[in-house]
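Peer 1: The structure's right below; bear with me while I get my questions together.
The values are calculated or read from the model by the stated rules, or taken from the named source; none is laboratory data. Everything numeric in this text was worked out from a predicted model, so none of it was measured. Reconstructed Cβ throughout: ideal geometry from the backbone, glycine too, with neighbour counts over all protein chains shown. For accessibility, only protein heavy atoms count, side chains too; no ligands or nucleic acids. Shrake-Rupley method; radii C 1.70, N 1.55, O 1.52, S 1.80 Å.
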Amino acid sequence: MKSFEYKKFIYLYFLWFASSSTASAFNLQEAWVAAQQHSIDYQIAFHQKNSIQEQQQRAKSVFFPRVSGDINYQYKPHSSSSVKQTQGWNIQLSQTLFNASEMSRYSQSRYDSEVAEQIYHSVKEKLLYNVTENYFKILLSNENIATYKAEKMSYEQQVEQAKALFNKGVATALDVHEAQAGYDNALAQETSAILKKQILENQFNDYTGLDGKEIEMVNISNLIERYLLRISQHSLEEWQKMALENNHEYKAQKYDVSSKEEAIKVVKNKRWPVLVAQVDYQNNYHRSVSQDGGHQNFRTGTDASIQLRAKIPLLTGGELSSEMRESLNQYEAAKARLVASERQIKLAIRQAYTESNAAHYQILAQERALVSSQLKLKSTETGQKYGMRNRLEIIQARQAVAQAEQKLAEARYNFLIAYAALIRESGLGLEGNL
């Protein structure tokens, strides 16, 4: 038993030393940074957020003064008119004094900007969670491989011992075959775990652009104790309440409902008059020629005007009514999506909370199961020395220890992943809470 545990410890220590001594080794936080720089989905969400937020600035610009100007020049060489040349310039200043529809549109753009912001944060949290889940699964694969490797090495020694005893006539061929079967089973399990790890490393590379072989090991016991304390600070109902206050997807849906409500006001306010003030200033130069072509006149004129225009929709052919019906339906759809989002988030919180607690109890149970399996293996090995146990019972006891270690490792990492899901769904942010 001690030899089995020592071999597993040596393998894990070798992995830790190899990663810590490599210049490119990285921890989870560094993987998060790399993922944000590498992920295309994250970059798309970032630029979409910026793009939508520019719409808010455009909606606001309607209420600022607008200045435009133009320059004109005209020459008529064969015209019957006496005016042969005209040139000038004018400048125009306009200011919207009242536009209820555009005011509502600006309010809507503010909510749309918040929607884009929350969607961006949601994409970011999903990316960080995927990296975290993948990171922990690779560490679990390392532990499983270490367990199977140590088990395989123990069986390898047992095969050699059984062969030596068989040659001396002390052991039977069955003893050799049983030891060889245990070795082959451990080898198959190790190969399967290595292949699974390679798949996880490929996924990790897709998320971050980093090599999953170079991740740093973590102190699981310290993490579990710290996370258990955080989970126990709040009840399930409190976690759900925090999620409805902080979850980015839910907040995006709430802002979307407000946006659709403002869209209704945009249509309603189109029936109000639009009031615009406009100031024009013109400066023109004219050159005219007499009918005989012998006399030229030059004239310069300026003109200034102030206008106050009110635009009132009288008949729209049913356009506004159609827009109103469309806006009302979009508003009702947004409210329905908000209800669906609330139910989904509450369910996700409940599942993550339940899984984390279940994983904790499974950790406690597997720790006891591991101790029992180790004691059984020790007793079986002692019984073999006195002829009370055979090699098959040794193989079965050793396999039970390996399975108990594997299940304990799975329970620990399942707890860490469930906690990460709880933090993500609650909207508290993985950065700073993991």
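Peer 1: Can you name the residue in the range 32-90 that is in contact with a Gly (Cβ under 7 Å, 6 or more places away or on another chain) and either modelled with pLDDT of 90 or more or of a type in the set (A, V, I, L, M, F, W, C) (or both) and is also most open to solvent (accessible area, probe 1.4 Å) among such residues?
Peer 2: Result: TRP89.
Peer 1: Every residue in the range 419-429 that is surrounded by fewer than 22 Cβ atoms within 10 Å (Cβ to Cβ) and at negative phi, please.
Peer 2: ALA421, LEU428
Peer 1: Which one of the conditions (1) part of a helix (DSSP H, G or I); (2) more than 26 Å from TYR148 (Cβ to Cβ); (3) modelled with pLDDT under 90 does GLY432 fail to meet, given that it meets all the rest?
Peer 2: (1)
Peer 1: Taking the residues in the range 141-155 that are at pLDDT below 85 and either in contact with a Leu (Cβ under 6 Å, 6 or more places away or on another chain) or of a type outside the set (A, V, I, L, M, F, W, C) (or both) as candidates, determine which candidate is surrounded by the fewest Cβ atoms within 10 Å (Cβ to Cβ).
Peer 2: Ranking the candidates gives SER154 first.
Peer 1: Which residue pairs have Cβ atoms closer than 7 Å, lie 6 or more positions apart in sequence or on different chains, and pair a first residue in the range 83-106 that is basic (Lys, Arg) with a second residue that is open to solvent by less than 60 Å² (accessible area, probe 1.4 Å) and in a strand (DSSP E or B)?
Peer 2: LYS84/ARG287; LYS84/SER288; LYS84/VAL289
Peer 1: Scan VAL274, VAL279, VAL266 and give me the residue that is of a type in the set (Val, Ile, Thr), in contact with a strand residue (DSSP E or B) (Cβ under 8 Å, 6 or more places away or on another chain), within 30 Å of GLU332 (Cβ to Cβ) and at pLDDT 75 or above.
Peer 2: Sole residue among the options that is of a type in the set (Val, Ile, Thr), in contact with a strand residue (DSSP E or B) (Cβ under 8 Å, 6 or more places away or on another chain), within 30 Å of GLU332 (Cβ to Cβ) and at pLDDT 75 or above: VAL274.
Peer 1: Let me ask something else about it. From SER235, SER192, SER258, SER221, which residue is open to solvent by less than 60 Å² (accessible area, probe 1.4 Å), farther than 30 Å from ILE91 by Cα and without any contact (Cβ under 8 Å) to a residue 12 or more places away in the chain?
Peer 2: SER235
Peer 1: Which count do you get for residues in the range 389-404 that are under 13 Å from ALA150 (Cβ atoms) and of a type in the set (Gly, Ala, Ser)?
Peer 2: 1
Peer 1: Among the residues of the range 283-298, are any charged (D, E, K, R), surrounded by 14 or more Cβ atoms within 10 Å (Cβ to Cβ) and part of a helix (DSSP H, G or I)?
Peer 2: no
Peer 1: Now for a separate question. Run down TYR120, TYR135, TYR106, TYR111 and say which single residue is more than 30 Å from PHE63 (Cβ to Cβ) and among the hydroxyl-bearing types (Ser, Thr, Tyr).
Peer 2: TYR135
Peer 1: Of the residues in the range 345-404, how many are within 30 Å of ALA162 (Cβ to Cβ) and assigned to a helix (DSSP H, G or I)?
Peer 2: Total meeting the criteria: 31.
Peer 1: Do you know which residues across the range 195-210 are open to solvent by 70 Å² or more (accessible area, probe 1.4 Å) and touching a residue at least 60 places away in the same chain (Cβ under 8 Å)?
Peer 2: Within the range 195-210, just GLN203 meets the criteria.
Peer 1: Quick test for you: out of ILE138, ILE194, pick the one residue that is modelled with pLDDT under 95, closer than 22 Å to ASP206 by Cβ and assigned to a helix (DSSP H, G or I).
Peer 2: So the residue among ILE138, ILE194 that is modelled with pLDDT under 95, closer than 22 Å to ASP206 by Cβ and assigned to a helix (DSSP H, G or I) is ILE194.
Peer 1: Six or more apart or on different chains, Cβ under 8 Å: which pairs go from a residue in the range 152-170 that's without any contact (Cβ under 8 Å) to a residue 60 or more places away in the chain to one that's in a loop (DSSP other than H, G, I, E, B)? Could you list them?
Peer 2: From the range 152-170, the pairs are LEU165/ALA171; PHE166/THR172.
Peer 1: Might you check whether a residue that is open to solvent by 30 Å² or more (accessible area, probe 1.4 Å) and not in a helix (DSSP H, G or I) occurs anywhere in the range 172-189?
Peer 2: Yes, the range 172-189 contains at least one residue that is open to solvent by 30 Å² or more (accessible area, probe 1.4 Å) and not in a helix (DSSP H, G or I).
Peer 1: I'd like the residue in the range 356-397 that is under 26 Å from the mean Cα position of the chain (by Cα) and surrounded by fewer than 18 Cβ atoms within 10 Å (Cβ to Cβ) and, out of all such residues, is nearest to VAL159 (Cα to Cα).
Peer 2: Residue satisfying both the conditions and the ranking: ALA358.
Peer 1: So which of GLU319, GLU245 ends up being open to solvent by 80 Å² or more (accessible area, probe 1.4 Å), of a type outside the set (Gly, Ala, Ser), modelled with pLDDT of 85 or more and within 32 Å of the chain's Cα centre (by Cα)?
Peer 2: GLU245
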